[in-house]
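The values are calculated or read from the model by the stated rules, or taken from the named source; none is laboratory data. In this text the structure is predicted, and so the values were computed from the model without any measurement. Glycine gets a Cβ as well: all are built from the backbone with ideal geometry, and neighbour counts include every protein chain shown.
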Amino acid sequence: MTIQWFPGHMTRARRQIEEKLKLIDIAIELLDARVPQASRNPMVDDILRGKPRLIVLNKSDLADPKATERWMAYFADQGHSCVAVDSSTGTRVGEIPEKAKALVSEKWERMIAKGINPRAVRALIVGIPNVGKSTLINRLAGRNIAATGDRPGVTKGQQWIKVGTEMELLDTPGILWPKFEDQLVGYKLAMTGAIKEQILNIEDIAFFAVKALVGRYWEVMKERFGLEGAPPADIDDADEIVRVMEEIGRKRGCLVSGARVDLEKTSGIILRELRAGKLGRITLEEPEPVSRNSGRADD
Ligand code: G4P
């Protein structure tokens, strides 16, 4: 679902999260492991205001495992607790309650010292649309929680979901907005399918996808699409990127009259295969600015 985020929506979404923050001990910030930066709300530090936070890199089944390790190290360097999971199958989701508990251990020890029995850790999942909030809530709950009102402004009664004996989760997530000011963020989210492509030009999305892929996963591209030409000498040269797109189009028989390549059809194929994981596990951004042609999966 694509939400048009206007300033009023952002203010309302923020207010809704702030209300929920009063009820919880920790926040679980959910990011897409393929685009941890683009799927991050630009104001999240400010919004969560020092609440202990667990960063969960979701959809790690679709991301490059080596890049995920680099992102985990990056977040650890920033002092965040972090775990990479696949909510669709549940892989490593079981580590979340344990890590959540570790975040409140000092507070709990102080309570024990005062003779108070600590209760279950109360948590709220926050993240941008499509990052997998509902899937993770259902996975942690071990059952299907009613479809979440995934729109700012849609409210429903809040309930605590028990996750084992030591964690409780609010059943409605906190919905954040992505960083729209940076156009490339929009394209990255569209590449992963988080933003529906109707709002952006499909050929532009595929162009940026190919640009990101040739710089980082040339061998993967070559193999998947049977490319025979050399990699682009300069990935900032738009003609070179279009040349690669045209070669993909020819290999896949996307031709129109005059043997010209149908770039729209080619773009559809590239994006479908990228999103479905047909090119393998791909991460589209690195934690630090990387030099071109570095940061490959096999680095
Ligand atoms: P949201 O609440 O944050 O908006 O996201 P939601 O859980 O609805 O998930 C968005 C899409 O991402 C869903 O796919 C969901 O299945 C998929 N997804 C969530 N977590 C993971 C994960 O860890 N790995 C993978 N591969 N996919 C994940 P969909 O196509 O919109 O729906 P459906 O195909 O599940 O019906």
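Structural remarks
- Some residue of region 9-30 being in contact with a Ser or Thr (Cβ under 7 Å, 6 or more places away or on another chain), within 16 Å of the ligand (Cβ to nearest atom), of a type outside the set (G, A, S) and within 20 Å of T192 (Cβ to Cβ): no
- The residue that is farthest from the ligand (Cβ to nearest atom), counting only those in region 123-138 that are assigned to a helix (DSSP H, G or I) and in contact with an Asp or Glu (Cβ under 9 Å, 6 or more places away or on another chain), is I137.
- Members of region 42-64 that are away from the ligand (no atom under 11 Å from the Cβ), under 25 Å from T91 (Cβ atoms) and part of a loop (DSSP other than H, G, I, E, B): P52, D64
- Checked against (1) within 27 Å of I199 (Cα to Cα); (2) of a type in the set (S, T, Y); (3) surrounded by 15 or more Cβ atoms within 10 Å (Cβ to Cβ), Y74 passes all but condition (1).
- Residue in region 146-167 that is within 12 Å of the ligand (Cβ to nearest atom) and closer than 16 Å to D32 by Cβ present: yes
- Of the numbered criteria (1) more than 21 Å from the chain's Cα centre (by Cα); (2) within 20 Å of L62 (Cβ to Cβ); (3) at pLDDT below 95, the one E197 fails is (1).
- Each residue in region 73-122 was checked for being assigned to a helix (DSSP H, G or I) and either within 16 Å of the ligand (Cβ to nearest atom) or not aliphatic (A, V, I, L, M) (or both), and 15 pass.
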